[in-house]
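**Q** Following this message is one structure expressed as structure tokens.
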Amino acid sequence: MSNDAGKAHLETYLHQVRRNLGGLPAAESDEIVAELRSHVLDRVEGAPTPQRVEEAIAALGSPREVARINLTERVAVELEADRSPLTVLRGVARLAGLSLYGMFAGLVSFTGYVLAAGFLITAISKLISRTRAGLWRWPDDHGAYHYVMGVTNHPQGQELLGWWVVPIGLGLAVLLGWLTWRFGIFSVRHMRRTAQRGRA
Amino acid sequence: MNPNRNELPDDLGKWEVQVRKGGLGLAVLAILWPEKLYGLEILRRLDSQAGMSIPEGTIYPLLSRLKAQGLVESEWVEAGAGHPRKYYRLTEPGRRRVREMALSWRAFAQGLERLLAPLEGDPA
């Protein structure tokens, strides 16, 4: 009876670990959870009383800590093999749910790439739609100016850059894309270090 | 004891953590040299044979890294324990790597040993 309660306690814990591993493919989180179950059952040496199960679980760490350390390590290993911007972005997205920093990194990465894509599209659009793409300025009702870089067609707008928007747009796209990519790599390393320090 | 030296043991602790962390991958590979083992056995041998006690939750991400690097492989074995266990063993590249790492570690340790020799018997 008591052993059943212990096993139920273990399953609740593993369920929470799995929920925190949300960013991983199901097969990988199944594998992690199965190994943790096996670890705890070995550690209690055939007597899974609630107390012994609790001791074993406490030694592993909270579901969030266990998920964090497993996820960050996996993403870090992936990045060592392939550091293409898409892999880095996917890695950052996987870690976004783990912590406040993860969420911040996810948001910055997403915004960075979207802005870089915006600059790129503007530069390319200039070649296709000469009159509409560029850095636009127009006055509002209070006499202040609005600036927009992109493809627009404001009636009172004035385009400021001319053909310069092509090299400037491309340059900004590359610079911002590169910075976002480096920031993603830094973030994954940073989160891995923090996760390990949490259990050191 | 001495309030002015409070920070020193802390720094020493951090340094020790770094040194141990550096040797951990080699230690795990070396423990797998003679036979295949499962996670808890690896943890217990690290502790009993090398005095390396690490947080239990950290061994599995490390094993998963070594597996992703192709240095170890794993299989689930339905043993007499009443539940399946995941055993790890060295792959051929893993055996080559652990030998290379051992050589490199020994060379480093011997060099350091020579530097440390004059410290013996010299009261600080």
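The values are calculated or read from the model by the stated rules, or taken from the named source; none is laboratory data. What you are looking at is a predicted structure, and each value in this text was computed from that prediction instead of being measured. No Cβ is skipped: glycine too gets one built from the backbone with ideal geometry, and neighbour counts run over all protein chains shown.
**Q** Taking segment A:50-82, which residues are exposed (fewer than 15 other Cβ atoms within 10 Å of the Cβ) and not in a helix (DSSP H, G or I)?
**A** The answer is A:D82, and nothing else.
**Q** Looking at (1) closer than 23 Å to B:L37 by Cα; (2) surrounded by fewer than 17 Cβ atoms within 10 Å (Cβ to Cβ); (3) at pLDDT 90 or above; (4) not aliphatic (A, V, I, L, M), which is the one condition that is false for A:E45?
**A** All conditions are met except number (3).
**Q** Given the conditions (1) in contact with a Phe, Trp or Tyr (Cβ under 8 Å, 6 or more places away or on another chain); (2) assigned to a loop (DSSP other than H, G, I, E, B), which single one is not true for A:L98?
**A** (1)
**Q** Something else about it: Only residues in segment B:1-25 that are modelled with pLDDT of 80 or more count as the first member; pair them with residues that are of a type in the set (S, T, Y) and not in a helix (DSSP H, G or I), Cβ under 8 angstrom, at least 6 apart or cross-chain, and list the lot.
**A** Between residues of segment B:1-25 that are modelled with pLDDT of 80 or more and residues that are of a type in the set (S, T, Y) and not in a helix (DSSP H, G or I), there is no close pair.
**Q** Looking at (1) among the aromatic types (F, W, Y); (2) closer than 25 Å to A:Q196 by Cβ; (3) within 14 Å of chain A (Cβ to nearest Cβ), find the lone condition where B:W105 falls short.
**A** B:W105 satisfies all of (1) among the aromatic types (F, W, Y); (2) closer than 25 Å to A:Q196 by Cβ; (3) within 14 Å of chain A (Cβ to nearest Cβ) except (3).
**Q** Sort out which residues of segment A:72-95 are more than 9 Å from chain B (Cβ to nearest Cβ) and of a type outside the set (V, I, T), and write them in order of number.
**A** Result: A:L79, A:D82, A:R83, A:S84, A:P85, A:L86, A:L89, A:R90, A:G91, A:A93, A:R94, A:L95.
**Q** Here's another thing I want to ask about it. In segment B:64-86, what residues are buried (at least 20 other Cβ atoms within 10 Å of the Cβ) and either acidic (D, E) or within 14 Å of B:L37 (Cβ to Cβ) (or both)?
**A** Answer for segment B:64-86, where residues must be buried (at least 20 other Cβ atoms within 10 Å of the Cβ) and either acidic (D, E) or within 14 Å of B:L37 (Cβ to Cβ) (or both): B:L66, B:V72, B:R85.
**Q** Exactly one of (1) of a type in the set (S, T, Y); (2) more than 11 Å from every other protein chain (Cβ to nearest Cβ); (3) surrounded by 18 or more Cβ atoms within 10 Å (Cβ to Cβ) is unmet by B:S48. Its number?
**A** (3)
**Q** Here is a follow-up. A:E45 - would you say it is in a helix (DSSP H, G or I) and either touching a residue at least 40 places away in the same chain (Cβ under 8 Å) or of a type outside the set (A, V, I, L, M) (or both)?
**A** no
**Q** Something else about it: Against the conditions (1) in contact (Cβ under 8 Å) with a residue 12 or more places away in the chain; (2) out of contact with any strand residue (DSSP E or B) (no Cβ under 7 Å at 6 or more places or on another chain); (3) not β-branched (V, I, T), where does B:E100 fall short? Just the number, please.
**A** It fails just one condition, (1).
**Q** Do the conditions hold for A:V165, that is, is it within 19 Å of A:L115 (Cα to Cα) and assigned by TED's automatic domain parsing to the domain that holds A:S99?
**A** Considered against the rule, which asks whether it is within 19 Å of A:L115 (Cα to Cα) and assigned by TED's automatic domain parsing to the domain that holds A:S99, A:V165 comes out as yes.
**Q** If a residue must be part of a loop (DSSP other than H, G, I, E, B) and closer than 15 Å to A:H190 by Cα, how many such residues does segment A:83-93 contain?
**A** The total comes to 0.
**Q** Let me ask another. Out of A:H39, A:H15, I need the residue that is within 13 Å of chain B (Cβ to nearest Cβ), closer than 22 Å to B:W76 by Cα and assigned to a helix (DSSP H, G or I). Which one?
**A** A:H39
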